[in-house]
Each structure stands twice: as C-alpha cells, then as structure tokens.
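The values are calculated or read from the model by the stated rules, or taken from the named source; none is laboratory data. What you are looking at is a predicted structure, and each value in this text was computed from that prediction instead of being measured. Note that each Cβ is placed from the backbone with ideal geometry, even for glycine, and that neighbours are counted across all protein chains shown. These area figures cover heavy atoms from the full protein model, side chains too; ligands, DNA and RNA do not enter into them. Shrake-Rupley method; radii C 1.70, N 1.55, O 1.52, S 1.80 Å.
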Amino acid sequence: QVQLVESGGGLVQPGGSLRLSCAVSDSIFSISTMTWYPQPPGKQREWVAMITSAGGTAYADPVKGRFTISRDNAKNTVYLQMNNLKPEDTAVYYCKRTTLGRDYWGQGTQVTVSA
C-alpha cells in the first residue's frame, strides 16, 4: 500500500519560512508527478505547486516567487520551500502523488502563519 507522509508544518510569523517534506513509501516515486495542495479552513483544496517526473515545475499565481518545489528521487521525497509566508497561506498542506493515472494523498501537515 502506498503511503505519503507529510512533515515540516508548524506555526510561523508572517514573512517567515518553512520547508515541507512529503516522503513516499514505494520505489516508483521517480515516475510520479507530485503536487502540493493547501486546504485553508472552510475552503477546498487548490494546488499551488507541482513537479513532474522530469523535474518540470509549475506554480499557482499566489505563490510564484515565494514557494519552490523540488524532489529527491534517491529519498523518494518531495519538498516545498515556502518563503515570505502570509496569513492567507494558513492551511493544511497535502501532497498528492499521480502515477499512471492514479492519485494518492497524504494525511496533511498544518501550517499556521500568525503574529
């Protein structure tokens, strides 16, 4: 059974930084597209960053220039470096793995941006 485990969330002040990690349990991580989805309180999940198996990246407009997604295929892990965090970035952050048309989700990690 595929498992995705997010970590790295926490409480940070506006303008601060966090790095989220998502570790995937199986060996076909390298052919997967990985995407980060924050879910703010009372709202739906919307993607903010994705990285393909070839290393191509894409970002939603609200996070361009502030967030960076990367992956380490040797560690089966994808990262989300978040800089200049804003209160509106507060959310549970989920990672999603897409492999051969199937999606797998992690359990999420809470990010709270507050003074």
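I'm checking my understanding of the structure. Among residues of the range 45-103 that are among the acidic types (Asp, Glu) and under 13 Å from Ser32 (Cα atoms), which one is least open to solvent (accessible area, probe 1.4 Å)?
Kept after step one, since they are among the acidic types (Asp, Glu), are these residues of the range 45-103: 46, 61, 72, 88-89, 103.
Still in the list and also under 13 Å from Ser32 (Cα atoms): 72, 103.
Numbers: Asp72: 47, Asp103: 80 Å².
Filtering first and then ranking leaves Asp72.
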Report task. Taking only the range 67-92 into account, find how many residues are more than 23 Å from Ile28 (Cβ to Cβ), out of contact with any strand residue (DSSP E or B) (no Cβ under 7 Å at 6 or more places or on another chain) and not in a loop (DSSP other than H, G, I, E, B). Result -> 1
Query - Residue match in the range 93-105 (condition: under 14 Å from the mean Cα position of the chain (by Cα) and not in a strand (DSSP E or B)) - result: no
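Looking only at residues that are within 14 Å of the chain's Cα centre (by Cα) and part of a loop (DSSP other than H, G, I, E, B) in the range 106-115, which one is surrounded by the fewest Cβ atoms within 10 Å (Cβ to Cβ)?
Let us first name the residues in the range 106-115 that are within 14 Å of the chain's Cα centre (by Cα), namely 106-111.
Narrowing the set further to residues that are part of a loop (DSSP other than H, G, I, E, B) leaves 106-108.
On the way: Gly106: 21, Gln107: 11, Gly108: 18.
Going through the qualifying residues, I end up with Gln107.
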Query raised in the report: Quick check, is Ala54 among the small types (Gly, Ala, Ser), under 17 Å from Asp103 (Cβ atoms) and without any contact (Cβ under 8 Å) to a residue 40 or more places away in the chain?
Result: no
Query - First in the range 58-79 and under 18 Å from Glu46 (Cβ atoms), second anywhere and open to solvent by less than 30 Å² (accessible area, probe 1.4 Å) and polar (S, T, N, Q), Cβ under 8 Å, 6 or more apart - result: Val78/Ser21
Requested in this report: Scan the range 1-44 residue by residue and report those that are over 12 Å from the mean Cα position of the chain (by Cα) and open to solvent by 80 Å² or more (accessible area, probe 1.4 Å).
Outcome: Gln1, Gln3, Leu11, Gln13, Ser27, Ile31, Pro41, Gly42, Lys43, Gln44
